[in-house]
Each structure stands twice: as C-alpha cells, then as structure tokens.
Amino acid sequence: MTVHESLAHDAVVLAGGAARRLGGADKPGVRVGGRALLDRVLAACADARTTVVVADPRDTARPVRWAREEPPGGGPVAALDAGLRLTTADCVLVLSADLPFLGPAVVRRLTDALRAGRADGALLTDADGRDQPLVAAYRAPALRRALAALARGHGALAGLPLRRLTAELDVIRLSDDLSAFDCDTWDDIAAARARIREHGHVLDEWISAVKDELGIDLDVDTGVLLDLARDAAHSVARPAAPLTTFLVGYAAARAGGGPEAVAEAARKAAALALRWEDEDTGEGRPDAAPDATPDPRPDTR
C-alpha cells in the first residue's frame, strides 16, 4: 500500500438542517470571515478523495457530490446514511457544515488517531466535554453496520438522534474546543466573526479567504512578503508596497508558480528595494580617494 493510498479517505458533510435557532436562515451560506460556513468546512477536508454534501445543491468553492436524505429533513442519521452511500473509502470524515474554525491539521489528527488504533471512530469533544459526532472520522464498514442495525431496530433512520448511532460504536475522544465550536445561534456567529478579526488571527484568515476566493492552492511564507512590502514602502514609497507584491506574484506565476518561485521573486525585489534606498541615502556612492581634495574651479564644459 502506498502512502497516498494509506491516507485515502472520503468526507460526508451534513448541510441540510432546518437551522431553527437561526430563525430558519440558510446556515451553510452564512459568511464568517468573508466565506460561507460550508466553504470553510470544504476547505478543511479538501484532501478527501470524494466529498459528499448532504443538502440541496448550491454553488460551492470546490466541486462536491450531492445527496439528500429521504424524506428531506429526516435528521442527521438519515442524512449520514444518504451521504455514506456515495463513498467508497474505508475511512470517512463526517462533518457538519457550521464549523468555522475547523482546519486541515485537525482533520489529519482525526484520521491519524483512527488509523493508529482499532476503534470504530475518532471524534472531537467540545469545551464542556460533550461528544461532537459531526466532527469525526469513522471506519466506513463499522458505520454501515451501525446504521443497518439502527434501521432494523427502529424501522427507519429518520428522526433518530446521533447519540443512538455513536452508542453502537467504539470511539476515541480528542479534545479541541476551538475546532469543535459550531454555530447554532446568531450569538455563535457573532462570536466567530469577532474572533477571526482579533489581531492574532485576522491576517491568516484574510489570506485564506483570498486564496479561496481566487481558487489558489498555494502555501507561501507570508513573512517574506510582508517584509518585502515593508522594504518597498520604506525604501521607495508607500504605494510601492502593494504594487511590488503584485509584481512578485506575477513573476512567480510566469516562473511556474509554487512557493520557491514566490520566494525567489520576493528575494530579488527586496534586494532591489535595498539598492534603491542605498542610492537615496548616498550609501551606494563609491568612496573618494583618501588624498583627494575638492576642485574649486568652475566646470567650463
């Protein structure tokens, strides 16, 4: 088995709830940090081989498959069953569509924990220690067996609570208050929006939002670009900062893209800015000979 195959997993995202505590608003489409909640979750599970969203189709930041439980609005267990039918991987991420702070690192933590042991699933717990079965990775065969057992025992899956499903499974619990934070109310939405705009988070969130909006999947050293913008603003003129970083991006794209191309273009532009400053301050002037004296005669040329 190759490394790529060993990491293969699918994802099922449940996005068809009624959002009663939001007054029936379109919760997956509510924006936090400029991005729809659903798109934020889809970015977190972008490594999934197949991603199935259980909801009515809508525009999303990346391609997904769509499913719908029968009857529509039949609850999370029925929705999970509908989505699972379109997956084939042995490991399946099961996520709700209202997780503003879920990231790829936590997704890897869940799948790694599942593969490291023999449990049926690995799920997060929230700040109060409660299980969050919709922020989890499960072994698909165990999940299918549990769903089949529930269907036999209750006649149908519609209306069943998720705790009935997780009671059938042996799960590992991982604590992560932030990643497990979900948006059930408008107060939750306001809290998520406020946290994203905190000084320690806003730049990373903004860059992620821009990359998502532009369809860019590129990790670069933002510190290098910020240093370049500072050098250009200080050594040349303030408007040079955004123009220079734009030109660096354009040059990197012409060079084939990738973090290395960005770093090399930024290095060249930063060196140019420093040479520019040297000329302005006179530091770039050749030194005069030690015994040279000024010539007082006027220049007659």
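When Arg144 is tested against (1) over 20 Å from Asp81 (Cβ atoms); (2) open to solvent by 40 Å² or more (accessible area, probe 1.4 Å); (3) in a helix (DSSP H, G or I), only condition (1) is not met. Among all positions in the range 166-178, there is no residue which is within 25 Å of Val64 (Cα to Cα) and either open to solvent by less than 70 Å² (accessible area, probe 1.4 Å) or in contact with a helix residue (DSSP H, G or I) (Cβ under 9 Å, 6 or more places away or on another chain) (or both).
Yes/no matrix, rows are residues, columns are (1) under 23 Å from the mean Cα position of the chain (by Cα); (2) closer than 24 Å to Gly16 by Cβ:
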site: Thr88; (1), (2): no, yes
site: Cys91; (1), (2): yes, yes
site: Leu95; (1), (2): yes, yes
site: Arg115; (1), (2): yes, no
site: Thr125; (1), (2): yes, no
site: Asp128; (1), (2): no, no
site: Ala140; (1), (2): no, yes
site: Leu150; (1), (2): no, yes
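Scanning the range 179-205 for residues that are farther than 18 Å from Gly29 by Cα and surrounded by 17 or more Cβ atoms within 10 Å (Cβ to Cβ) gives Ser179, Ala180, Arg195. Among the residues of the range 168-189, not a single one is in a helix (DSSP H, G or I), modelled with pLDDT under 80 and not aromatic (Phe, Trp, Tyr). Would you call Asp39 open to solvent by 10 Å² or more (accessible area, probe 1.4 Å), acidic (Asp, Glu) and touching a Ser or Thr at 6+ places or on another chain (Cβ under 8 Å)? Yes, satisfied.
Only residues that are in contact with a helix residue (DSSP H, G or I) (Cβ under 6 Å, 6 or more places away or on another chain), more than 17 Å from Arg275 (Cβ to Cβ) and assigned to a loop (DSSP other than H, G, I, E, B) were counted across the range 220-265, and they come to 2.
The values are calculated or read from the model by the stated rules, or taken from the named source; none is laboratory data. The model shown is predicted, which means the values in this text are computed figures rather than measured ones. With ideal geometry, Cβ positions are generated from the backbone for all residues, glycine too; neighbour counts draw on all protein chains shown. Please note that ligands, DNA and RNA were not included when accessible areas were found on the heavy atoms of the full protein model with its side chains. Shrake-Rupley method; radii C 1.70, N 1.55, O 1.52, S 1.80 Å.
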